[in-house]
1. Rounding to the nearest 20 debye, state how big the charge dipole of the chain is about its Cα centre with +1 on each Lys and Arg Cβ and -1 on each Asp and Glu Cβ.
2. Given 37 °C and 0.692 mPa s, compute D for the range 260-500 with the Stokes-Einstein relation, Rh being the Kirkwood radius over Cα pairs; round to the nearest whole µm²/s.
3. So how compact is the range 57-126: Cα radius of gyration and Dmax in angstrom?
4. Which residues in the range 380-402 have a backbone N closer than 17 Å to a point placed 7 Å from the Cα of residue 266 along the Cα-to-Cβ line?
5. The range 337-407: percent of C-alpha pairs farther apart than 14 Å?
6. Can you list, largest first and rounded to whole Å, the semi-axes you get for the range 295-384 by taking the square root of 5 times each eigenvalue of its Cα gyration tensor?
7. Determine, for 60, 33, 454, 303, the number of other Cβ atoms within 10 Å of each Cβ, and report the residues in order from fewest to most.
8. Can you pick out the pairs among 98/234; 46/119; 155/266; 224/465 whose Cα atoms lie more than 21 Å from each other?
Amino acid sequence: MEQVPAKKERRLTLVLGLATLIAAFGSSFQYGYNVAVINSPAQFMKTFYNKTYYERNNDYMDEFALTLLWSVSVSMFPFGGFVGSLMVGPLVNNFGRKGTLLFNNIFSIVPAVLMGCSKVAGSFEMIILSRLLVGICAGLSSNVVPMYLGELAPKNLRGGLGVVPQLFITIGILVAQIFGLRSLLASEEGWPILLGVTGVPAALQLLLLPFFPESPRYLLIQKKDEVAAQTALKRLRGWDDVGPEMEEIRQEDEAERAVGFVSVLKLFRTRSLRWQVISVIVLMGGQQLSGVNAIYYYADQIYLSAGVKENDVQYVTVGTGAVNVLMTVCAVFVVELLGRRFLLLLGFSVCFTACCVLTVALALQDTISWMPYVSIACIIAYVVGHALGPSPVPAVLITETFLQSSRPAAFMVGGSVHWLSNFTVGLIFPFVQVGLGAYSFVIFGVICLLTTIYTFLVVPETKAKTFIEINQIFTKMNKVSEVRPEKEELEEFPPSTRGQ
């Protein structure tokens, strides 16, 4: 009789599968879409900015003012992401995980309407404001979706479902690249529609997500509603015997009762969370500072300098986006098989190697005729490596290495590092590229290498472990087993919690 739940636990039920798809499509997809959507129509939008300025002032903007205005339009998105990350803790603690995702749709539907109407209204300010709002939407969704799915999933599916948000980010990037082809919506008439499409997934999520359960962990630990938590678990698992899992959540609740809500300040002060916090900062910083956004923001220039014809660049960029989606699909299936730690080590190592070879290839491309092809191969290899580990795994690890009371604060820290690093790379890389030329990827290579070394030395494997078992690993690393529980997040747990 004991074996039945264990076998069933491995099953992906319809309710859990649909909740995952709706949450990821409605939220994560938009993050990816808005990262890439502004690249293709850039020239048409700059013309619109200048034309609007002329209609108001009877004069055109100078080149510096136009470039500055465009930089602000691009960088408002990661800045909004940073603002969104700071809102994660208060929102998920007050509205719940599902409630926050539903509330977050405001930050997508409103800017979608504004961007769609900006040309008719003759206002580039509407675009800049909208980029800030969709950035807030992305900042919230990039933190809340992995948290929500990580808390819905049984431990044996947590890694796979935790990678799904990243999969939808890559699909969003690819869809934006396809819609942004000059033959489709990257035109003088089409760009407002291209920008406004982001509201469609949000509207679908607003209609469908209310029919799915809230996180059982949130319902039991924070809302103290045992009946609602049990009902949600039964719907998610597809069977009635959810006793062992409820018991595990209860024990997590008891362990944390002395702690209460963990603020960001308390997160940094708590000794039993030291290595978890350092790991989040290193992995999130490594994820963004390793150069992935330099590849996406400036892929066109890299391909042009690698010798691709100007008219063919857009198709090569779409091809790169397709490779990214394909490798993230692979990550969904292998994260439980190979483990989080292995994928991080493999991914960052591949990125490090690609950066080293790309530096040599770009330095030699004027002297050796076939070097441009090596450059393109390096970019594709880099995208493959990043899609396997550095892109999807850090958010999964934040969910797994923190318990309920500290998880929102951990996502706020991780999200802030993520978006500030993203903003920094977007702002600084063009200047680095001018200053260092072919050697700009050396910096990213060094960051990949340092992150690989840190992962090898510090980050433990978390696959197929309960949140409590993972926390016990870090309790030993942080050397806090003798510290009084009211000062720390978790004491050692009895072995009865294992193997459920």
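1. Here the size comes out at about 560 debye.
2. The calculation lands on 171 µm²/s.
3. For the range 57-126, the Cα radius of gyration and maximum Cα-Cα distance read 16.5, 51 Å.
4. It comes to 402, nothing else.
5. 64
6. Working from the Cα gyration tensor, I get semi-axes of 27, 16, 8 Å.
7. 60, 454, 303, 33
8. Going by Cα-Cα distance, 155/266; 224/465 fall outside the 21 Å limit.
We did not get these values from a lab; they are worked out from the coordinates using the rules stated. In this text, all values refer to a predicted model and were calculated from it rather than measured experimentally. Please note: Cβ atoms are built from the backbone with ideal geometry, for glycine as well, and neighbour counts cover all protein chains shown.
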